[in-house]
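As structure tokens, the structure follows; a few thoughts come after it.
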Amino acid sequence: MAEIINSYETVFILSTKLGEEGAAAVVEKFKKLIDKNGTVESVDDWGKRRLAYPIQKQTEGYYTLINFKSAPAFTAELDRVFKITDGVLRSLIVKKEIKNEKPAPAATEEKPADAE
């Protein structure tokens, strides 16, 4: 049976304590990990941004968005690696919807004419 491949995107925030070079090294580590288990479609480095609220007493972080395709089982491994990597403040992995699918028709509720 053919292996199922889904499209995902992941956003992660790295600590500013890593510095520019350290953050770039961690991003490269995740790109290699994803490439080893799937295909990296794009990497969008958002740079240093202010956090909405302090995380581990930090108010800024390096944001990175990676779009990739992989098997569904790999996302659990990627999440585990995010959690054990020093310098990762937050991470999120989201399955992207396929654009060719038609949305389900909205059910409209109508009152019978004699219900008044």
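Per-structure values
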{"read-out": "Counted residues, segment 50-79 - those being outside any strand (DSSP E or B) and within 11 Å of Ile34 (Cα to Cα)", "value": "5"}
{"read-out": "Residue check for Gly19: in a strand (DSSP E or B), surrounded by fewer than 15 Cβ atoms within 10 Å (Cβ to Cβ) and at positive phi", "value": "no"}
{"read-out": "Tabulated pairs, segment 41-62, first more than 15 Å from Ser15 (Cβ to Cβ), second surrounded by 10 or more Cβ atoms within 10 Å (Cβ to Cβ) and of a type in the set (D, E, K, R), C-beta under 8 angstrom, 6+ apart or interchain", "value": "Glu41/Lys69; Val43/Lys31"}
{"read-out": "Sole residue being modelled with pLDDT of 95 or more, farther than 14 Å from Thr75 by Cβ, surrounded by 15 or more Cβ atoms within 10 Å (Cβ to Cβ) and of a type in the set (S, T, N, Q), chosen from Thr10, Thr64", "value": "Thr64"}
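The values are calculated or read from the model by the stated rules, or taken from the named source; none is laboratory data. Since the structure is predicted, the reported quantities are computational estimates derived from the model, not experimental observations. FYI the Cβ positions are ideal-geometry reconstructions off the backbone, even for glycines, and counts take in every protein chain you see.
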